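Heads up, the thing below is written out as structure tokens.
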């Protein structure tokens, strides 16, 4: 059994060596110096090459390039090439937008009031600040107390001279 296997391997390796070494033997080799014919430079476009002409002496034609034109594996697309859009810049006239000043929301919350026989005082809260105000007092140079009644407080927003009211017991 080992003898058959060894003989099979020897036959296989011998055939492979013969084919590898004998490949150059079966090709026709024509040396350019011996034949007297100069090799043609590879043509970039074989379609443009002239028909093969014989040298005249030996009747051997020069070797021409038969490779295909261009790259075989180049990517091609059927889409049209994108056209570059032209941009026309137009000057933009920027008109300043004047926003009418408006009165901010009432920052105070009514906490309570004290009615003395002489005058009435109101307790107002703005965040963590507590104000005790009477009629005519100015708070932070922005709000002036116009009047304190049993139902509401009247204020004037000084920058715009706009009147606002705050109902007793509300948090507006």
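Key figures
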| read-out | value |
| --- | --- |
| Directionally averaged shadow of region 109-167, computed from the convex hull of its alpha-carbon atoms, nm² | 3.9 |
| Estimated inter-spin distance, residue 94 and residue 11, nm [label 7 Å along Cα→Cβ] | 9.3 |
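Bear in mind these aren't lab numbers, they're just calculated from the coordinates by the rules spelled out. All of these numbers come straight from a predicted model, not from anything done at the bench. Cβ sites come from the backbone with ideal geometry, for glycine too, and all protein chains shown count toward neighbours.
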